[in-house]
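Inspection log for the structure reproduced underneath, given as structure tokens.
Any read-out appearing in this document is the output of simple, stated calculations on the displayed coordinates, not a laboratory observation. Treat the numbers as computed from the prediction; the structure is a model and nothing was measured. So basically every Cβ, Gly included, is an ideal-geometry build from the backbone, and we count neighbours across all protein chains shown.
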Amino acid sequence: MTSELEVRPAAPTLEAVAALAGVSRSTVSRVVNASPRVTAEAIDAVNRAIEQLGYVPNRAARTLASRRTQAIALVIPENTAKFFSDPFFATVVQGIAMHLGTTEYTLSMLIASETNPEKTRRYLQGGNVDGALILSHHSDDNSYRALARSLPVVFGGRPMSVEGEDSYVVDVDNIGAAAIATKFLVDHGRTRIATIAGPQDMAAGLDRLAGWRAALGDAKLRPGAVEIGDFTPPGGAAAMERLLASGQPFDAVFVASDQMAYGALGVLRDRGLRVPEDIAIVGFDNDYYSTSSMPPLTTIEQSSVAMGAKMAEVLVRLIAGETVEKLTMLPTTMIERDSV
């Protein structure tokens with residue numbers, strides 16, 4: 001009786017590719033590893049032989065030779081429910097995947113708050129990945145301070161707990177963008193401008209609040225009421241309820257995310273307040289919530305797809321040993337709709 005091992009065809013080898021292509025084994029190796037020291041004719045011959053034989057390069061051997069895993073980790077210090085409900089994360093991941101699709105790197109995703117932070121740190125420093133992308137970093141999570149000194153790391157958004165000289169960051173000018181949003185309300189005749197700010201343990205929450213204050217100071221207007229939300233629709237709704245209960249009058253609100261603005265709009269609608277006639281609103285992000293709200297939101301657009309792609313690009317260049325700027329700032333755009 002013939003065993004399964006006896007009938008299974010042998011996998012094509014590097015030597016078989018070399019023989020079919022009529023080149024040396026070292027030439028095939030250089031082609032497989034994308035070396036520039038190969039002629040166009042040799043590359044063509046080797047690629048034809050690879051396709052004909054169905055040869056698959058031995059990634060394990062290549063990893064041992066290069067001391068690279070060809071893997072990158074994306075670390076999300078958030079809980080699973082927030083990750084899957086927030087369009088920001090989905091679009092950043094889309095941008096990361098789009099860029100890594102043009103490289104040999106694969107992506108592993110770690111939702112870090114669901115695991116032991118020390119376990120996550122050990123995994124990242126244990127030779128399992130060549131670098132890490134950190135997204136949505138909070139001030140109470142210091143587990144990445146040392147990591148950034150021993151492994152190529154790129155942060156999406158300014159981190160709160162990593163010293164500047166150790167970190168590579170892709171971000172937008174949250175202070176400047178929030179100031180532009182607030183000035184837009186001022187330019188439309190609003191004089192009592194409140195804000196629903198983001199979490200104050202995150203740089204984006206702090207910076208957008210600072211931008212709101214700066215714009216009101218430039219306009220010589222007294223700051224309105226401040227309530228803090230959590231970048232979710234329920235958080236925005238609860239913050240709007242508190243603004244209304246405070247008794248402090250306001251004719252406009254800068255809201256630090258479109259998700260919170262979406263929740264706030266629902267409260268205003270339930271109270272019989274018209275937007276923008278009674279209260280004007282400007283949000284931040286230009287995500288799904290800005291176009292599905294009633295009315296559609298005037299907002300600040302930050303391209304989270306572009307952020308993800310740039311994060312991946314910077315990390316791949318760092319791993320390759322290239323010189324990269326510590327801070328990459330992406331542009332924002334004012335999107336005018338019907339809430340002002």
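Note on K220: lysines with a C-alpha under 24 Å away, same-chain residues under 8 apart excluded, are K183. Taking amide H as placed 1.01 Å from N in the peptide plane, T298 has its amide H under 5 Å from the amide H of G283, R337, D338, S339, V340, each at least 5 places away in sequence or on another chain.
Residues whose amide H lies under 5 Å from that of L330, counting only those 5 or more places away or on a different chain, are D171, V172, D173; hydrogens are built 1.01 Å from N in the peptide plane.
With respect to the chain, whose longest principal axis is taken over its alpha-carbon atoms, helix 174-187 is tilted by about 40°. Round to the nearest 10 and give me the degree value, 0 to 90, for the angle of helix 203-218's Cα axis relative to the longest principal axis of the chain. The two axes meet at around 40 degrees.
Is the C-alpha gyration tensor of segment 174-302 telling us rounded, prolate or oblate? Criteria: a/c under 1.5 is rounded; beyond that, a/b larger than b/c is prolate, otherwise oblate.
Verdict is rounded for segment 174-302.
Sorted largest first, the principal axis extents computed over the alpha-carbon atoms of the chain equal 85, 46, 37 Å.
Highest GNM mean-square fluctuation among G247, G131, G283, for the chain modelled with Cα contacts below 10 Å: G247. Highest mobility in the GNM of the chain, judged by mean-square fluctuation with C-alpha springs under 10 Å and restricted to F84, F284, F155, is found for F84.
Taking amide H atoms as placed 1.01 Å from N in the peptide plane, the amide H of F155 lies under 5 Å from those of I134, Y168, V169, V170, each 5 or more residues away in sequence or on another chain.
Taking P276, P12, P234 in turn, the Gaussian network model of the chain (Cα-Cα springs below 10 Å) assigns the largest fluctuation to P12. One chain, two ends: T39 and A81. Fully extended at 0.36 nm per residue, the span grows by 10.0 nm beyond their Cα-Cα distance.
For the pair T106 and R25, the difference between a 0.36 nm per residue extended length and the Cα-Cα distance amounts to 26.5 nm.
Between D218 and D270, the FRET efficiency from the beta-carbon distance, with R0 = 41 Å, is close to 0.75. In straight-distance terms, cross-link reach from K326 covers every one of the lysines whose alpha-carbon lies under 19 Å from its own, apart from those fewer than eight places away in the same chain; here that gives K310.
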